[in-house]
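Undergrad: Quick one: structure below, then a few questions.
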Amino acid sequence: MTALIGLAVLLILIALGKGWVKLDPKSLLPTMHKVGGIIALGLAAVLAMRGRFDMALALGGFGTWLLDIDWRRYLPMGRTGSDGAAQGRVSKVRSRLIEMTLDHDTGVMAGMIVAGPEAGRAFETMSQQDLGVLAQTCATEDPDGLRLLEAYLDRRFPGWRETADPHIHARSGQGHGGEQSGRRSGAITEQEAYEILGLQPGASENDIRQAHRALMKKFHPDQGGTTWLATRLNEARDVLLGSHRPRS
């Protein structure tokens, strides 16, 4: 096995050698890094198969550095999307009766009842009729929760509004994006702002802006979200960016 791997490395070096004379001097250093990184990783694999894990780890780290590989991109909580926002994040928006989670990667919304006789019940286990009953409860007890629930129903049961009780739309104040839907229902705390944007306390200003931008692309009213949700995202961004401004 070692002989075969050595032969493969030799063939790679020969192939690279043939193109060496054609290299532009300006690209020589990056190419040397790539070649050195590949050789280092190849030798690390050989050493690992021979049981020399200490040397394999050292050579593997050196090869990774030469190739400029960021292994965090392949970890569940460290991937980054094309827009630069970290993936693997989940935002939480909570009202008095319900909690909604928003997956940054897929745009999937999930909800759960957090107060009342059915506290702890997930929306996924509820039928459209069950959710309609919950909407009626929210209409009188939790207007903010009703706005969240409507966004969930829009995604799971498109067209549900056609048969819904008009009283529900009147209480939510939004219908299909009415003027009252963006009305501020109350200031949010800094901790709530972090949860809404799916960030950890202490996130940088750049992280805040990237998370807000990515979420607005997925939950803007034009993308199946609601004006109220977009307003909460904007509020969360403003609260966190305000905490980064120097106080006079």
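The values are calculated or read from the model by the stated rules, or taken from the named source; none is laboratory data. Here the structure is a predicted model, which is why all the values come from computation and not from measurement. Don't worry about glycine lacking a Cβ; one is built from the backbone with ideal geometry, like all the others, and counts go over all protein chains shown.
Undergrad: Among the residues of region 110-134 satisfying the criterion of being in a strand (DSSP E or B) and surrounded by fewer than 16 Cβ atoms within 10 Å (Cβ to Cβ), which is nearest to the chain's Cα centre (by Cα)?
TA: Of the residues in region 110-134, the ones in a strand (DSSP E or B) are 110-113, 122.
Filter once more, keeping what is surrounded by fewer than 16 Cβ atoms within 10 Å (Cβ to Cβ): 110, 122.
Working: Ala110: 14, Ala122: 21 Å.
Looking at the filtered set, the residue picked out is Ala110.
Undergrad: I'm checking my understanding of the structure. Among residues of region 88-109 that are closer than 13 Å to Leu146 by Cα and in contact with a strand residue (DSSP E or B) (Cβ under 6 Å, 6 or more places away or on another chain), which one is surrounded by the fewest Cβ atoms within 10 Å (Cβ to Cβ)?
TA: Glu99
Undergrad: Additional query: Can you give me the number of residues within region 139-184 that are outside any helix (DSSP H, G or I) and either at pLDDT below 60 or surrounded by 19 or more Cβ atoms within 10 Å (Cβ to Cβ) (or both)?
TA: Qualifying residue count for the region: 9.
One line per residue, one yes/no per condition, for (1) at pLDDT 85 or above; (2) not small (Gly, Ala, Ser):
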| position | (1), (2) |
| --- | --- |
| Gly186 | no, no |
| Ala193 | yes, no |
| Ile196 | yes, yes |
| Ala203 | yes, no |
| Arg209 | yes, yes |
| Gly225 | no, no |
| Thr231 | yes, yes |
| Val239 | yes, yes |
| Arg247 | no, yes |
